[in-house]
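Data block below; observations after.
The values are calculated or read from the model by the stated rules, or taken from the named source; none is laboratory data. Just so we're clear, the structure is a prediction, and the values are computed from it rather than from any experiment. All Cβ positions, glycine included, derive from the backbone under ideal geometry; neighbour counts span all protein chains shown. Quick note on the areas: whole protein, heavy atoms, side chains included, nothing else; ligands and nucleic acids left out. Shrake-Rupley method; radii C 1.70, N 1.55, O 1.52, S 1.80 Å.
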Amino acid sequence: MKLLIKSAIIIDSSSPFHNKKQDILIENGKISKISTSIENPNNYKEIRLENLHISQGWFDTSVCFGEPGFEERETIENGLKTAAKSGFTDVAVNANTYPVADNKSAIEFIKNKGNNSATALHPIGSLTKNAKSEDLAELFDMQNSGAIAFSDYNKPIENANLLKIALQYAQNFDALILSFPQDNSIAQNGLVNEHINSTKLGLKGIPSLAEEMQITRDLFLLEYTGGKLHIPTISTAKSVKLIKQAKKSGLNVTCSVAAHHLVLTDDELVHFDSNTKVLPPLRTLKDVKALIKGVNDGVVDMITSDHNPMDVEHKKVEYSAAKFGTIGMESLFGALNKVLPLETLITCLTTKPKDRFGIKNISINEGEKTNLTLFNPDSETVFTEDCIVSTSKNSIFLNKKMNGKVYGIIAKNKVVL
């Protein structure tokens, strides 16, 4: 691969070229030269795009593809194509497949399916066998086969002793444990946030308490055991406070927030659109403001799309019968650009999540491998079905205004624009 990128503004605080408009020469998968102006005597392919910005490649820490078992929702091949066009050079793929990815062979299958894509696929192994929260899965073997963390996607570990054992055992091989923040004894069969809107609309609610009780329990367990804990997709103001205090106490804990929880509130429920049925549920404006502050203050470490494709049979039904989940990779940048400072958003998609999940950060500098996301932060569009690359179309952001456009990625010696 031989390329010349012209007039790109570099957003990478670890690079000496941060916030500078530069030309970038790429040869054989590496950046060979960065300068204010580079001639093109060898007729290399040139990339010239309007208001071009580049950063380190983005990493999404919570992505679902249907394969194996639910290919009608999304195949791995199309999911990785969607990721690349959405600006992600790396994705962590959850184990909510059929069969569940809870063993070495399943991890190897998923890894091998992603070998030829520009976007690197990093499997998250199931923490428990069949994601039933009864017995630990083969964590050590799965990590040796390429799993970067362990989680029962969108399912809490109800047995506290099981999570305690997982945190203790995982320290032997420095593994990262994820614990979904919901106490099902409180949430029960709830559909949406328990608040004024749930009462008005007659929809059974999931109290904030369900999330906060589970986080409190998990933090007590972490304090007792040690180890590394990541709490995915928090959604309430009090959750931010709990994690902030835990960090001050020296606990090795991180957390993420889904893009839709930084933008949308449970006011979206008024039309009974099943695309708004997500887990955790959309909360209140107070929660949204607290989550944004948590990101800006560094309490919330990373942002995810929580991309979860669902076919029409599971979404074009009554609200109570619809499955939880929204796609999100295609809309993440446009939804959050302007909501957060650009550098903060990029940091939450690059250095912070990569550091936590053990993926190498590759600075934009001469001699480094090419791992880049290309985008325009000033483009304004409306997100329609035409913008969706995913097989499933269940986007919570349909017909919403977007600020910013992703051009694509350059990674693994491939260009996707």
Quick one: N161 ticks every box in (1) out of contact with any Leu (no Cβ under 8 Å at 6 or more places or on another chain); (2) under 22 Å from S256 (Cβ atoms) except a single one, so which number is it? (2)
Please specify each residue of region 198-238 satisfying the condition of being more than 14 Å from L279 (Cα to Cα), open to solvent by less than 30 Å² (accessible area, probe 1.4 Å) and in contact with an Asp or Glu (Cβ under 6 Å, 6 or more places away or on another chain). Q214, A237
Pair list, Cβ < 7 Å and 6+ apart or interchain, from region 1-24 residues that are in contact (Cβ under 8 Å) with a residue 60 or more places away in the chain to residues that are open to solvent by less than 10 Å² (accessible area, probe 1.4 Å) and part of a loop (DSSP other than H, G, I, E, B): A8/L52; I10/I364; D12/I364; S15/I364; F17/I364
Suppose we filter region 180-211 for residues that are within 14 Å of T284 (Cα to Cα) and in a loop (DSSP other than H, G, I, E, B); how many remain? 3
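Of the residues that make up region 33-42, is at least one touching a residue at least 24 places away in the same chain (Cβ under 8 Å) and under 21 Å from the mean Cα position of the chain (by Cα)? Please lay out each step first, then the result.
Applying the first criterion (touching a residue at least 24 places away in the same chain (Cβ under 8 Å)) to region 33-42 yields 33-34, 38, 40, 42.
Add one more test, that the residue is under 21 Å from the mean Cα position of the chain (by Cα), and what stays is none.
No, there is no match, as no residue in region 33-42 is touching a residue at least 24 places away in the same chain (Cβ under 8 Å) and under 21 Å from the mean Cα position of the chain (by Cα).
Restricting to region 77-104, count the residues that are closer than 22 Å to V415 by Cβ and crowded, with 22+ Cβ neighbours inside 10 Å. Outline the logic, then answer.
Our first condition is that a residue be closer than 22 Å to V415 by Cβ; within region 77-104, this holds for 77-91.
Subset that is crowded, with 22+ Cβ neighbours inside 10 Å: 79-80, 82-84, 86-91.
Qualifying residue count, region 77-104: 11.
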Residue list for region 300-337, restricted to those being within 16 Å of V93 (Cα to Cα) and over 16 Å from the mean Cα position of the chain (by Cα): M310
Contact list please: Cβ distance under 7 Å, first residue in region 219-242 and in contact (Cβ under 8 Å) with a residue 40 or more places away in the chain and part of a strand (DSSP E or B), second residue of a type outside the set (V, I, T) and open to solvent by 20 Å² or more (accessible area, probe 1.4 Å), pairs at least six apart or on different chains. K228/N252; L229/N252; H230/R356
For a quick check of your reading: which strands (runs of 3 or more DSSP E) sit entirely within region 46-129 and have at least 2 residues that are among the polar types (S, T, N, Q)? 53-56, 58-63
Quick one: in region 1-12, of everything that is over 12 Å from L372 (Cβ atoms) and at pLDDT 95 or above, which residue is least open to solvent (accessible area, probe 1.4 Å)? L4
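Here is a check on your reading of the model: is T276 over 20 Å from I206 (Cα atoms), in contact (Cβ under 8 Å) with a residue 60 or more places away in the chain, crowded, with 18+ Cβ neighbours inside 10 Å and not acidic (D, E)?
no
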Among residues of region 88-142, those that are over 27 Å from S390 (Cβ atoms) and among the charged types (D, E, K, R), counted: 7
Pairs, please: C-beta under 9 Å, at least 6 apart or cross-chain, first residue without any contact (Cβ under 8 Å) to a residue 60 or more places away in the chain and under 18 Å from P232 (Cα atoms) and in region 157-182, second basic (K, R) and open to solvent by 70 Å² or more (accessible area, probe 1.4 Å)? F180/K155
Tally the residues that are within 24 Å of E223 (Cα to Cα) and part of a helix (DSSP H, G or I), restricting the search to region 144-171. 12
So is D141 buried (at least 24 other Cβ atoms within 10 Å of the Cβ) and in contact with a helix residue (DSSP H, G or I) (Cβ under 6 Å, 6 or more places away or on another chain) or not? no
In region 316-346, the residues that are surrounded by 24 or more Cβ atoms within 10 Å (Cβ to Cβ) and either touching a Cys at 6+ places or on another chain (Cβ under 7 Å) or part of a loop (DSSP other than H, G, I, E, B) (or both): G325, G328, M329, E330, S331
Restricting to region 126-159, what's the tally of residues that are under 16 Å from the mean Cα position of the chain (by Cα) and closer than 22 Å to N184 by Cα? 5
Quick one: what pairs do we get from region 301-325, first residue touching a residue at least 60 places away in the same chain (Cβ under 8 Å), second basic (K, R) and open to solvent by less than 10 Å² (accessible area, probe 1.4 Å), C-beta under 7 Å, 6+ apart or different chains? Y319/K277; F324/K277
Odd one out for N275, checked against (1) farther than 30 Å from I11 by Cβ; (2) part of a loop (DSSP other than H, G, I, E, B); (3) touching a strand residue (DSSP E or B) at 6+ places or on another chain (Cβ under 9 Å); (4) not acidic (D, E): (2)
